[in-house]
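Trainee: First, the structure itself, so that you have it in front of you.
The values are calculated or read from the model by the stated rules, or taken from the named source; none is laboratory data. Nothing here was measured: the structure is a model prediction, and the numbers come from that model. Methodologically, a virtual Cβ is constructed for each residue, glycine included, from the backbone with ideal geometry; neighbour enumeration extends over all protein chains shown. With ligands, DNA and RNA removed, areas are computed over all heavy atoms of the protein, side chains included. Shrake-Rupley method; radii C 1.70, N 1.55, O 1.52, S 1.80 Å.
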Amino acid sequence: FTEVIPATHVTKHALTKDLGLKLNNEFIITPPVHKWNTSKEKGWKYREKIGVAQDCNMFYNISVNNERKRLDQLLLYFREHLLRKSCDKLVMHTQEFGGCDIVSVASRLGIKGNIRIIQDRSKEMIEGVMSAGGTYVGMPAAEGFGLPFWESALLGKKLIHSDVGEIGYIAKDISGAEMEIVEAKHPYFYPIGNQVWYSIGAMPKSKIYGK
């Protein structure tokens, strides 16, 4: 290559520190962030369609169910730190199986009734969840850019996310959104039944931005 321009700070670190490449520039070109067309009406219809009461808290996540996304970790964080009312829901636009069996993990945690798994990623459904959801939550073990996080930030949503990837680098510099960036550098093993699940600490440190 005659010219390499990384898309994120993570990519730049990988190229320069891990691979030992010398870049000819200091530029970082991030991917474009789409602004979804949201409305209260779309939010009401979405909640009605997936069975979430209008007066209950709705947290949401949009991702691929693989090992890196640690959706089991997200489920545990939801139970320990976000679930307050019995009708509160975590809506996950993802696959049921992959990095973890979501239903199995939710059942072991006793929160199966508080989880909604939506595999439909049509424009209508994404605009629906972006309209209805109050807080975007992600607890991956590793991340690149984290597009749904930034799409939610663009809409002024409250954001809770582990301090990995581009989010950990530049969240503090973003204005207009309330963010809680959770320190996930020192994981521990959290027992559930007769199995052990990898997770962040029971009382993780976090930094609040935008309040």
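Trainee: Being modelled with pLDDT of 95 or more and open to solvent by less than 60 Å² (accessible area, probe 1.4 Å) is the requirement here; does VAL52 meet it?
Mentor: Yes.
Trainee: Would you confirm, using the coordinates I've provided, whether ILE126 is under 14 Å from VAL91 (Cβ atoms), touching a residue at least 12 places away in the same chain (Cβ under 8 Å) and surrounded by fewer than 24 Cβ atoms within 10 Å (Cβ to Cβ)?
Mentor: Judged against the criteria, ILE126 is a match.
Trainee: Given the residues LEU19, LEU23, which is the only one that is modelled with pLDDT under 95 and out of contact with any Pro (no Cβ under 8 Å at 6 or more places or on another chain)?
Mentor: None of the others qualify; the one that does is LEU19.
Trainee: Out of SER131, SER107, SER152, I need the residue that is surrounded by fewer than 16 Cβ atoms within 10 Å (Cβ to Cβ), at pLDDT 90 or above and assigned to a helix (DSSP H, G or I). Which one?
Mentor: Unique residue meeting the criteria: SER107.
Trainee: Spot the failing condition for ILE170; the list is (1) at pLDDT below 90; (2) crowded, with 22+ Cβ neighbours inside 10 Å, and only one is missed.
Mentor: Only one criterion is unmet by ILE170, namely (2).
Trainee: Further question: Could you list, ordered by first residue, the pairs with Cβ atoms under 7 Å in which the first is in the range 99-111 and at negative phi and the second is of a type in the set (Lys, Arg) and open to solvent by less than 40 Å² (accessible area, probe 1.4 Å), at least 6 apart or interchain?
Mentor: Close Cβ pairs (under 7 Å, with a partner that is of a type in the set (Lys, Arg) and open to solvent by less than 40 Å² (accessible area, probe 1.4 Å)) amount to GLY99/LYS69.
Trainee: Pull up the range 67-101, narrow it to residues that are more than 29 Å from SER39 (Cα to Cα) and at pLDDT 90 or above, then point me to the one that is most open to solvent (accessible area, probe 1.4 Å). Write out each step before concluding.
Mentor: Kept after step one, since they are more than 29 Å from SER39 (Cα to Cα), are these residues of the range 67-101: 67-68, 70, 72-73, 76, 80, 97-101.
Keeping just the survivors that are at pLDDT 90 or above gives 97-98, 101.
Values: PHE97: 127, GLY98: 53, ASP101: 57 Å².
So, considering only residues that are more than 29 Å from SER39 (Cα to Cα) and at pLDDT 90 or above, the one most open to solvent (accessible area, probe 1.4 Å) is PHE97.
Trainee: How do the pairs read when you match residues in the range 45-56 that are among the small types (Gly, Ala, Ser) with residues anywhere that are in a helix (DSSP H, G or I), using Cβ under 6 Å and keeping only pairs 6 or more apart or on different chains?
Mentor: Within 6 Å, no pair qualifies.
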